[in-house]
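Please read the structure below before turning to the comments.
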Amino acid sequence: MKTQDLTSLLKAMFHQSKEMIIFVDRHGEIVYMNEEAQTTLDERDYDRNQFVNICGHCLGVGNNGSYDCSNCFLLSSEKLTFQVYMRTRSGEKVAYVANFQQIDHENNISVFTLNPLSELMKQQEFEHQKLLTQRIIQAQENERKRISRDLHDGVTQELLNLLLEMRLFKYTLDREELDEKIKNSEDTLSYLLDYVRNISVELRPASLDDLGIEAALKTHFKWTEKQYGILVGFDTNLKRQRYQPEIETVVYRVIQEAVFNAAKYSDSDEVSVKLQEVLSFNAVHIHFEIKDEGNGFIMEDDPKGSGLGLFGMQERISSVDGTLNINSEPGVGTKVEGFIPVEESIV
């Protein structure tokens, strides 16, 4: 490609780019800017026929929500990426993601590119929502597969065997033998009834809607102890009030998942659960803690299982403006702790 062709292409890209591109010298004077920068930046004290200083537009590097010029990018010869606030034509103070790099060392000319932070955040939010939707769909499908497998292996097969057994009743002439078979069939039906009831409770316990979070957890812990042989110590002071349904659902599901992980992976005989209402940061919060002294795991490693459990807990807590901390260490155990603001959510 000819040099002049490349030059014309670069010029076209420079002026048609949707990011602001500004060339500055070491004093901050604007040597050249593209059309996006010209139509965006504040025009006050601006003469298109003269150089202007970038400080007329720049409000400083973003620093904890405030403006700070102490570490000005103009003082650096390194390639930098940072957040900066700029004054626009409309008088707004807009946050941008900036890149700054010296490209002409002999003449101390640097290039300064700016992209609106809001646009990048929108894109990141879109990507996050896309990932979240994919994980939710995957989690739903995994749950449906599990329920389907449980129904097929645990219920359908037993019902089929029971049906075949009952069809043979008419050929059993010995009364005692027939009574024994009827009793076995009754036992099988009782077992299947409990099995289906447990699946139903796992999906959505009626006690959560009718009696509240404390009653629902106590019922669930009894089932967990029977199912997995792990002792669940439960300490709570939630006895005075109900909370909004979404709050109770999040608390129940997060604790349920944490206890399930402890029962399945910790190899511990006991897990402790605390659920309390506390005053934190001048607001009422639900505080919960699930702790075991089992195997633990390395936080940086991928968790056992699908990993959707930990992801799901974080997403559920975020949906009610709560915070969740998970700490684990091999050979020491795991602690899951969360806070959910409920002062405005008390019924």
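The values are calculated or read from the model by the stated rules, or taken from the named source; none is laboratory data. Quantities reported herein were computed from a predicted structural model and do not represent experimental measurements. As a convention, Cβ positions derive from the backbone with ideal geometry for all residues, glycine included, and neighbour counts pool all protein chains shown. What goes into the accessible areas is simple: the full protein's heavy atoms, side chains included, and nothing from ligands, DNA or RNA. Shrake-Rupley method; radii C 1.70, N 1.55, O 1.52, S 1.80 Å.
Quick notes on this one:
- So Leu193, is it surrounded by fewer than 10 Cβ atoms within 10 Å (Cβ to Cβ) and either in contact with a Ser or Thr (Cβ under 9 Å, 6 or more places away or on another chain) or part of a helix (DSSP H, G or I) (or both): no
- If you go through region 4-38 and keep only what is open to solvent by less than 30 Å² (accessible area, probe 1.4 Å), part of a helix (DSSP H, G or I) and without any contact (Cβ under 8 Å) to a residue 60 or more places away in the chain, you end up with just Phe14.
- For region 258-288, a tally of residues being of a type in the set (S, T, N, Q) and within 24 Å of the chain's Cα centre (by Cα) returns 4.
- Among the residues of region 311-344, those that are touching a residue at least 24 places away in the same chain (Cβ under 8 Å) and within 15 Å of Val278 (Cβ to Cβ) comprise Gly322, Glu337, Gly338, Phe339, Ile340, Pro341, Val342, Glu343.
- From the options Leu59, Leu41, residue that is modelled with pLDDT under 85, touching a His at 6+ places or on another chain (Cβ under 8 Å), open to solvent by less than 50 Å² (accessible area, probe 1.4 Å) and within 30 Å of Gln124 (Cα to Cα): Leu41
- The listed residue being surrounded by 18 or more Cβ atoms within 10 Å (Cβ to Cβ) and of a type in the set (D, E, K, R), out of Glu202, Glu257: Glu257
- Scanning region 147-190 for residues that are open to solvent by less than 70 Å² (accessible area, probe 1.4 Å), in contact with a Ser or Thr (Cβ under 9 Å, 6 or more places away or on another chain) and among the aliphatic types (A, V, I, L, M) yields a total of 2.
- Filter pass, Ala262 being at pLDDT 90 or above and either surrounded by fewer than 18 Cβ atoms within 10 Å (Cβ to Cβ) or among the small types (Gly, Ala, Ser) (or both): yes
- From the options Val111, Val97, residue that is free of Cβ contacts under 8 Å to residues at least 24 places away in the same chain and either open to solvent by less than 40 Å² (accessible area, probe 1.4 Å) or within 16 Å of Ser17 (Cα to Cα) (or both): Val97
- Among the residues making up region 251-277, those that are in contact with a strand residue (DSSP E or B) (Cβ under 7 Å, 6 or more places away or on another chain) and touching a residue at least 60 places away in the same chain (Cβ under 8 Å) are Val251, Val254, Ala258, Ala262, Ser266, Ser268, Leu275, Glu277.
- Sole residue being open to solvent by less than 80 Å² (accessible area, probe 1.4 Å), out of contact with any Phe, Trp or Tyr (no Cβ under 9 Å at 6 or more places or on another chain) and modelled with pLDDT of 85 or more, chosen from Glu270, Glu315, Glu277: Glu277
- Among the residues of region 239-266, those that are in a helix (DSSP H, G or I) and among the hydroxyl-bearing types (Ser, Thr, Tyr) comprise Thr249, Tyr252, Tyr265.
- Within region 210-244, considering residues that are aromatic (Phe, Trp, Tyr) and either under 17 Å from Ala258 (Cα atoms) or over 26 Å from the mean Cα position of the chain (by Cα) (or both), the one modelled with the highest pLDDT: Phe234
- Thr236 closer than 27 Å to Leu279 by Cα and of a type in the set (Ser, Thr, Tyr): yes
- Any hit, region 292-306, residues being open to solvent by 30 Å² or more (accessible area, probe 1.4 Å), part of a loop (DSSP other than H, G, I, E, B), aliphatic (A, V, I, L, M) and modelled with pLDDT under 85: yes
- Among residues of region 162-177, those that are without any contact (Cβ under 8 Å) to a residue 12 or more places away in the chain and assigned to a helix (DSSP H, G or I), counted: 8
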